[in-house]
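Inspection log for the structure reproduced underneath, given as structure tokens.
The values are calculated or read from the model by the stated rules, or taken from the named source; none is laboratory data. It should be emphasised that the depicted structure is a prediction, and the values quoted were computed from it without experimental measurement. Here the Cβ positions follow ideal geometry from the backbone for every residue, glycine too, while neighbour counts run over all protein chains shown. Side chains included, ligands, DNA and RNA excluded: accessible areas come from the protein's heavy atoms. Shrake-Rupley method; radii C 1.70, N 1.55, O 1.52, S 1.80 Å.
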Amino acid sequence: MSPYLDVTGLNKRFGGLQALSDCSFKVAQGRITCLVGPNGAGKTTIFNAITGFLTPDTGHVAFRGASLDGLSPQRVVRHGIARTFQNLRLFADLTARDNVVAGMPGHFGEEPLGAIFRPFRTSRALAGKRAAALEVLANVGLADRADALVRNLSYGEQKLLCIARILATSAELLLLDEPTSGLSGAALTEVMALLRRLQAEGKTLLVVEHNTRVVQQIADEVLFLHQGHLMAQGSPAEIIADPKLAEIYFGGAL
Amino acid sequence: MLWLNLLINGLIWGCALGMVAISFSLIFATTRFFHVAPAAVYSLGGYLAWSMMKRGAPEWVALLGAVVACGLVGAAIQKLLYERLDRRGATHLVVLIASLGLAAVMQNAIAGAYTSNVLQFGLPWANRTTSIGGALLTNTQMLTVCFGVLSYLGAMWFAHRTLLGKRIRAVASNPFLAEITRLEPRRVHIAVMAIGSAMVCIPGVLVPLDLGLQPFGGVPMLLTATIAVIAGGVGSISGAFLLALVIAVLQNLSLLVMPGEWSIGITFGIFIIFMLFRPRGLFTG
Amino acid sequence: MDFFATYLALAEIYVLLGLSTNLLVGIVGIFSVSQAAVFGVGAYITAFLLMHSSTPFPLAILVAAGLCILLNILVTLPSLRVSGDYFVVTSFGIQLLGTAVFTNWTKGTGGANGLPGVPAPIILGHEFIEPQEFLLLSSIGMGLGCLCFWLIMRAPFGGLLRAIREDELAVAALGKSVLRAKVSAAALAGAFAGSAGGLYATFLSFIDPSSFDLDASIFLLTMVVVGGARTLAGSVLGPFVLLALPQILALIDIPASFAAALRQLIYGLLLIVFMLFRPQGLLGERL
Amino acid sequence: MLLEISDLSAGYGTKTVISGVSLTLEPGQILALLGHNGAGKTTTLKAVMGLLPARSGTIRFDGNAIGGMSVAGRVGAGIRLLPEGRGIFPDLSVADNIDVVAAQNVSGASPMFRPADIYRLFPVLDERRTTRAGSMSGGQQQMLALGLAILGTPRCLLLDEPSIGLAPNLVERLFQQFHEICKSHGVGAVLVEQNVAAALKIADRVVIMNNGAIVFDGLPEDARQTNVWDYF
């Protein structure tokens, strides 16, 4: 049986900088895998390569046995993979609910002809989508903020909304780029609980994460990247105890 | 030898166009905003010179006066309009709309003050011809070539040899670093608008010597120059000037196969081809 | 009374045109200054069909709208490849090219002298000659336009367009086709502009290039900006306010040649003042 | 005390990036500011530079509160920032880079670094005076960036990830020179780095940030004893 997500031999150069160097790993279904490593280690580059935002120089990505090589971001989503961005990229002039509706897969009324000539069907479809969007928002704990403009949401609420928006795509593999950065206290606890709940609902998560506490609490598997190399892979306990990391960090030769 | 005449005409016209292109290149590369207002400054320059001459000023005084006045107008536009918009965090769209508005105000103020009919300078010396290597050139044409080449050389010297020129290029190259090394980008922007506006005034005076003054001639001129700037690579003075020559020559040679009214089509065709194959210009990496 | 009916009918036609500009510039964020050229194409095609063939009026409008849809898709397509400022240049070029065609293709358009004698619309044997009668047609046109605009903006399609304006990349990351949405929006804007052109030509029975030049594009932009970008109310209000301006100027005794310049100058001034002090216009949203 | 930040909070829009940040810097001292992406290091530097208003707290330079001072004023006072990845004017030649910055910043009777001093410190820049700065190697670009940052009379250098994209031996050389400059001229420096090993070698003091707050403030040898995971 082929692995759920299979990444093999990714290489990417930006000018003189080797951003990714022969990165291969597999992600198992239903697990939370955390990508960790210092800035510039290549974590976001891996996300970009998987989701079609950039083409690696060499290497392949396969999801549930199907190759994703050369697909546009738009097509990758249809295979059931969705991602969030470090800088959120929410639609700030839209309400929380409309952001979620925008994430839902192609539906009636998204074409002008349907919207004009079948107004009642569009209304019904829209009402359905809006109700479904409310459910998604409730799932992340934002039901009471559904009709607030994104620009008026707190940062923590915006981060939750990012997750809600990709949940709406009904993707099964979620790539979350720093879902907890900039959060503390209750907001942090809330996001961690949400990630666990998503796992329980059957989603598979690949998460770029900096916060050790979060990694220890949520990760089933940790991938450690350093300067584009995949240095270690294992359970959080194994990785944290790995003396190799201290050496890389405090002055050992690479 | 029609084609040779057209070629020469193209080169002359290209010199005038090149001055507008250099001016636009300077402004666009530094401020990163697409300004339409220089089109109106171009028209303004000609009318100012015309007015001064009608009041008895010698030709060179009128030209110089118009250049200085246009420079001041450019600085004022930057200070009073664009800088204000910038401080309010206006988007590109807002700046562009304001710029369009300003161009409309200036052009129509000119049309209101001078009528929108074509005015002639009526200078006998301007149309006297000299034969150079078999080709007959009017004094205006020779002046245009001289000023065009001088402007190009002057702009190159200014940008690469003077401190202000280097500072302008520095602001264009990395505005953030300019801010934190006290290069004062806002003041540089004012200087750039002043210099650019002064330069666009020169063809604004020279071209009407031949064709007469009209308030709305600036927009097609600016558009063509913009195309030269983009095709030549934004920020490259040589690229802008060279492409202005090329476009002008092609426009003129196209007269061999189609009537002159369609030259805008030729220009535009060149632009589309560039956008499809080299969207970042000829002289950029 | 004729005077007032003429004003209303013209304003209604311009509402249709304003919707076209608002959709592209305000909603999707494609800065087009060539909508007047598309408007012109609609007008000339309708005029041509009515003058040189026995095409019934409704069919002529439909053909004009259809061709304008194709044309607008073509002229908007570069915005997919060329970003921001470069597209503005493209759009200016298209507008100037349009003016060049209207002015120089004398056989088809009558050139600078214009095209007189465009027949009044005939529907079911009834000829709409008087402004009061035509008002009925233009009201229907405007009503349909507004209805379409409202239906689209409340549908998911409207949300998609606004999302594209804010962040194309994020839209693609959600699995949506930016290309398809932009083409659809351009098509709609073309249909609005084309049918507005048809109404305009038959209402005035005379068209010339000056109604479809760069100044006209700026006028369109002014209507949208003053009324308020991004909203239906803004697009409706703008033309009624701005078309009242020449009527007011007509009350003051100034020479006709001067009046045109003054009018255009005031439009420009309005653009500057609104951008400086009220970018959202009278009834619009923040630009 | 050269620089004294107390209880500083700052952020963008609805997002508060740093809160309650306090630290001090002595002349000639190199302070390594470490922490993960988004921990608030760059935000701290920007607040000191005046590029971002402080929401609360005070920043003192030479004992004077500088909260109301403009960016240009702070540069004039000797606070210099080397921004991450964009510390040069790429389209200008090396000499033009140095000339434009020197014209605005080298003044007074005895400036610490004149253009000639920069060419002496980095001979490779002297050899490449006419080269377009953006076409040089990463290491040379970073030397030029450092040169631009110290032109005139710097008193407090803020370096944002100067080692990014450089080969390890280059980093070592660059940091040695940087160390030398600070020590011999009594210039204080805040060094934001992800290359922890290299930073620890030259730092006098280490501050680690996590999620917008300081979690460690002490000596480099003590920093080695902390959990690796605090760094990213």
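So the values come out like this:
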item	result
The listed residue being aliphatic (A, V, I, L, M), within 10 Å of chain C (Cβ to nearest Cβ), over 17 Å from C:Ala163 (Cα atoms) and assigned to a helix (DSSP H, G or I), out of A:Ala131, A:Ala125	A:Ala125
Index of the failed condition, C:Ala173 passing every other in (1) out of contact with any Pro (no Cβ under 6 Å at 6 or more places or on another chain); (2) within 14 Å of chain A (Cβ to nearest Cβ); (3) open to solvent by less than 10 Å² (accessible area, probe 1.4 Å); (4) of a type in the set (A, V, I, L, M, F, W, C)	(1)
Residues of segment B:99-128 that turn out to be open to solvent by 30 Å² or more (accessible area, probe 1.4 Å), part of a helix (DSSP H, G or I) and either at pLDDT below 90 or not aliphatic (A, V, I, L, M) (or both), as a count	4
Hits in segment D:29-40 - residues which are open to solvent by 10 Å² or more (accessible area, probe 1.4 Å) and either under 23 Å from D:Gly186 (Cβ atoms) or assigned to a helix (DSSP H, G or I) (or both)	D:Gln29
Tabulated pairs, segment C:101-115, first away from every other protein chain (no Cβ under 14 Å), second open to solvent by less than 90 Å² (accessible area, probe 1.4 Å) and in a helix (DSSP H, G or I), C-beta under 6 angstrom, 6+ apart or interchain	C:Leu115/C:Ala47
Residue match in segment A:156-169 (condition: among the acidic types (Asp, Glu) and within 23 Å of A:Thr44 (Cα to Cα))	yes
Condition met for B:Arg167 (farther than 17 Å from B:Phe241 by Cα, open to solvent by less than 50 Å² (accessible area, probe 1.4 Å) and basic (Lys, Arg))	yes
Members of segment D:125-139 that are open to solvent by less than 40 Å² (accessible area, probe 1.4 Å) and either modelled with pLDDT of 95 or more or more than 18 Å from D:Phe175 (Cα to Cα) (or both)	D:Leu125, D:Thr131, D:Ala133, D:Gly134, D:Met136
Unmet requirement for A:Ala193, which otherwise passes all of (1) small (Gly, Ala, Ser); (2) out of contact with any helix residue (DSSP H, G or I) (no Cβ under 9 Å at 6 or more places or on another chain); (3) at positive phi	(3)
Scope segment C:91-120; condition open to solvent by 10 Å² or more (accessible area, probe 1.4 Å) and outside any helix (DSSP H, G or I); matching residues	C:Trp105, C:Gly110, C:Leu115, C:Pro116, C:Gly117, C:Pro119, C:Ala120
Selection from segment C:237-287 of residues that are open to solvent by 40 Å² or more (accessible area, probe 1.4 Å), aliphatic (A, V, I, L, M), more than 12 Å from chain B (Cβ to nearest Cβ) and within 21 Å of C:Thr21 (Cβ to Cβ)	C:Leu237, C:Val241, C:Leu282, C:Leu283
Subset tally (residues that are assigned to a helix (DSSP H, G or I) and either surrounded by fewer than 22 Cβ atoms within 10 Å (Cβ to Cβ) or within 11 Å of chain C (Cβ to nearest Cβ) (or both)) for segment A:45-81	9
Test: residue in segment A:187-204 that is assigned to a strand (DSSP E or B) and within 30 Å of A:Gly16 (Cα to Cα)	no
Hey, C:Ser210 more than 7 Å from chain B (Cβ to nearest Cβ), of a type in the set (Ser, Thr, Tyr) and surrounded by fewer than 24 Cβ atoms within 10 Å (Cβ to Cβ) or not	yes
Any hit, segment A:137-151, residues being crowded, with 22+ Cβ neighbours inside 10 Å, touching a residue at least 60 places away in the same chain (Cβ under 8 Å) and away from chain D (no Cβ under 11 Å)	no
Selection status of A:Gln233, open to solvent by 10 Å² or more (accessible area, probe 1.4 Å) and not in a helix (DSSP H, G or I)	yes
Exclusive hit being at pLDDT 95 or above and under 25 Å from C:Leu271 (Cα atoms), set B:Val67, B:Val41	B:Val41
Candidate set: segment D:1-28, residues that are in a loop (DSSP other than H, G, I, E, B) and closer than 28 Å to A:Val150 by Cβ; chosen: the one farthest from the other protein chains (Cβ to nearest Cβ)	D:Gly13
Helices (runs of 4 or more DSSP H) contained entirely in segment D:117-232, each with at least 2 residues that are assigned by TED's automatic domain parsing to the domain that holds D:Leu31 and in contact with a helix residue (DSSP H, G or I) (Cβ under 7 Å, 6 or more places away or on another chain)	D:168-185, D:196-202, D:220-225
Residue within segment A:173-180 that is more than 10 Å from every other protein chain (Cβ to nearest Cβ), open to solvent by less than 50 Å² (accessible area, probe 1.4 Å) and assigned to a loop (DSSP other than H, G, I, E, B) present	yes
D:Val192 vs. criteria within 11 Å of chain A (Cβ to nearest Cβ), within 30 Å of A:Gly16 (Cα to Cα), out of contact with any Phe, Trp or Tyr (no Cβ under 6 Å at 6 or more places or on another chain) and in contact (Cβ under 8 Å) with a residue 40 or more places away in the chain	yes
Odd one out for B:Gly89 among (1) part of a helix (DSSP H, G or I); (2) open to solvent by 30 Å² or more (accessible area, probe 1.4 Å); (3) over 19 Å from B:Val205 (Cβ atoms)	(1)
Cβ-Cβ under 7 Å pairs, at least 6 apart or on other chains, segment C:141-164 side facing chain A (nearest Cβ under 8 Å), far side polar (S, T, N, Q)	C:Ala155/A:Thr122
Total residues in segment A:100-122, condition assigned to a helix (DSSP H, G or I) and within 8 Å of chain C (Cβ to nearest Cβ)	9
Residue under evaluation B:His160, criteria (1) touching a residue at least 24 places away in the same chain (Cβ under 8 Å); (2) under 30 Å from D:Leu148 (Cα atoms), criterion not met	(1)
Failed item in (1) within 14 Å of chain A (Cβ to nearest Cβ); (2) in contact with a helix residue (DSSP H, G or I) (Cβ under 6 Å, 6 or more places away or on another chain), with D:Asn97 passing the rest	(1)
Residue ID - farthest from the other protein chains (Cβ to nearest Cβ), chosen from residues in segment B:214-235 that are surrounded by fewer than 24 Cβ atoms within 10 Å (Cβ to Cβ) and more than 21 Å from B:Gln251 (Cβ to Cβ)	B:Val234
Selected residue (criterion: farthest from the other protein chains (Cβ to nearest Cβ)) from residues of segment D:208-232 that are open to solvent by less than 20 Å² (accessible area, probe 1.4 Å) and at pLDDT 80 or above	D:Gly218
